[in-house]
1. Under 16 Å from the Cα of Lys411, which aspartates and glutamates turn up, not counting those fewer than eight places away in the same chain?
2. Just list whichever of Lys128/Lys229; Lys354/Lys407; Lys299/Lys401; Lys299/Lys424; Lys103/Lys468; Lys153/Lys229 have alpha carbons separated by over 19 Å in the model shown.
3. At 222 nm, what value in deg cm²/dmol follows for the chain if DSSP H runs of at least 4 each add -39500 (n - 2.57) and the sum is divided by all its residues, to the nearest 500?
4. Taking the Cα centre of the range 253-446 as origin, work out the dipole magnitude from +1 charges on Lys and Arg Cβ and -1 charges on Asp and Glu Cβ, in debye rounded to 20.
5. Could you work out the Kirkwood radius for the range 253-446, taking every pair of different alpha carbons, averaging 1/r and inverting it, reported in Å?
6. Specify which residue in the list Gly377, Leu465, Ser20 is farthest towards the positive end of the charge dipole of the chain, using unit charges on the beta carbon of Lys, Arg (+1) and Asp, Glu (-1), about the Cα centre.
7. So, with +1 on the Cβ of K and R and -1 on the Cβ of D and E, and no other charges, what is the size of the charge dipole of the chain about its Cα centre, to the nearest 20 debye?
8. Give me the tail of P(r) for the chain as a percent: Cα-Cα pairs with distance above 45 Å.
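Derivation of every value follows stated rules applied to the coordinates shown; laboratory data play no part. Small disclaimer: the values here were computed from a predicted structure and weren't measured. Virtual Cβ from ideal backbone geometry, glycine too; neighbours counted across all protein chains shown.
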Amino acid sequence: MEAKAHIAIVSIPVFTHQVSILEFAKQLIHLYKNTFHVTCIIPTISDSPSIASKHFFGTLPSNIQCIFLPPTDFEDLRNDLTLESQIQISVSRSMPLVCETLKSISTSSNVVAIIVDTFAYEAHQFAKDLNILSYRYFPCSAMVLSMCLYSSKLDESITCEYKDHPNPIEIPGCISVQGTDLPDSFQNKSSLAYKLFLHRSQQLCEADGIIINSFVEMESETLKAISQKYLCGTTPNVYPIGPIVQTRPNIQKNACECLLWLDNQPPNSVIYISFGSGGTLSHEQINELALGLELSNHKFLWVNVRAPSDKASANYLSNNEVDPLNYLPLGFIERTKGQGFVMCGWAPQVEVLKHNAIGAFLTHCGWNSILESIVHGVPMIAWPLFAEQRSNAALVTNGLKVAMRPKCNSKGIVVKEEVANIIKGVMEGLKSEEIGKRMKELQKFANCAMMENGSSMKTFSMLALKWKRLGRPIEVERWA
Ligand code: UDP
């Protein structure tokens, strides 16, 4: 048996979840050199990883090993299933292979803990069978964790659909949210997605601990309510270790052009627009956004422009061959030369957010994007699309007050005048100054949390020391 303590990770076929859990592993390896070895087991749904993911996996340190399982067949799944259901089912189908791989790793090395993505919760059982500690890695906010922990109680107490509930939804320790701002999984009580979600949430209590990518200073009331078990009596210990964000820029040749363009812009003058790794807008919305950007007269960098779809997460599971720029309003690119830079590919987001030309971030409110914006002190325009993004938008807008959120018309469209107004709101005037000031304060807290003796770093060290002790080859210490 090797001397190092071995941590096994079970991830899911979503690149941004893989990045988050592996960045956590990188921190562990970096802070405790020569102590840990990590193996990450990754179920897949396609044979061809994206360029961004190839680059990311190519730069992992040698003591993090990734095992990609053969793609799961999900052709037989109904295509009206939500993204979450498709992910959940494909991960569940990979579990026999996950189990086999975990067994094989644990016979040849000293596995001290298993850390599983929140969708891979079934692997907790294998940890129990192997008599190993298991943790859930929750790559979202403490507010969303509260929603999960409280979901059974909400289900009992609110009998109608949440979107039809006349009052805001109250969850201990959280800001109140409209039913429509609860995550997608809550939205149709008779759906398979809701049943899978409730089950996944109940299984949170099966873990020995929940590792969450948030930090105490940002969500103190929420984390307090969770740890005092106000939401669910059987909640395991929660370990806030965030903000964990990408540490290595994923720069590609074409993407660098946008950084060169930023180099020539004045400080705080550019609004950065990205809808994450898969967010998609309808054709009407693309037009309104483009025309609104033009109307605002502010500089902009718009990346990952995608072909339209009426399904906001369409890009995750299919690839449209048509040039997405064809869907922009006629003459838009020519008219906005000098004002904006538009690209279809993957951008080096962390490098962009670090750039002093960036004044604000129009984001789809994926949790990684929000944390990256906070770490770099960039105020946001919250433009949520799917999954738990509306809850995140409520948190950054009404809770933390570091973002502004545009209003939709009765058809759910943000019209060009509203786009221009919200951009002006976040880039100019008193409100923009207030948001900017609060964001700088939050940035300071975020950075302090990750410093030596910072709140997250202390929690991180506590976990790592526990695992390190378990890694010693003295059996009696195993459960100390
Ligand atoms: N990202 C990037 N370049 C892009 C688009 C996204 O580097 O062009 C990264 C971004 O920095 C973040 C992640 O992809 O780390 C997106 O994760 P998030 O949770 O915000 O949204 P998701 O893609 O999961 O919806």
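1. Straight-line reach from Lys411, under 16 Å: Glu284, Glu288, Asp310.
2. Working: Lys128/Lys229 23 Å; Lys354/Lys407 28 Å; Lys299/Lys401 24 Å; Lys299/Lys424 11 Å; Lys103/Lys468 21 Å; Lys153/Lys229 13 Å.
Over 19 Å Cα-Cα: Lys128/Lys229; Lys354/Lys407; Lys299/Lys401; Lys103/Lys468.
3. Mean residue ellipticity at 222 nm (helix-derived): -12000 deg cm²/dmol.
4. Computed about the Cα centre, the dipole is about 480 debye.
5. Working: mean 1/r = 0.0605 Å⁻¹.
Evaluated over the range 253-446, this radius sits at 16.5 Å.
6. Highest projection toward the positive end goes to Leu465.
7. On the way: 42 positive and 45 negative charges, 232 e Å.
Dipole magnitude for the chain comes out near 1120 debye.
8. Working: 10611 of 114960 pairs.
Considering the chain, 9 percent of its Cα-Cα pairs are separated by more than 45 Å.
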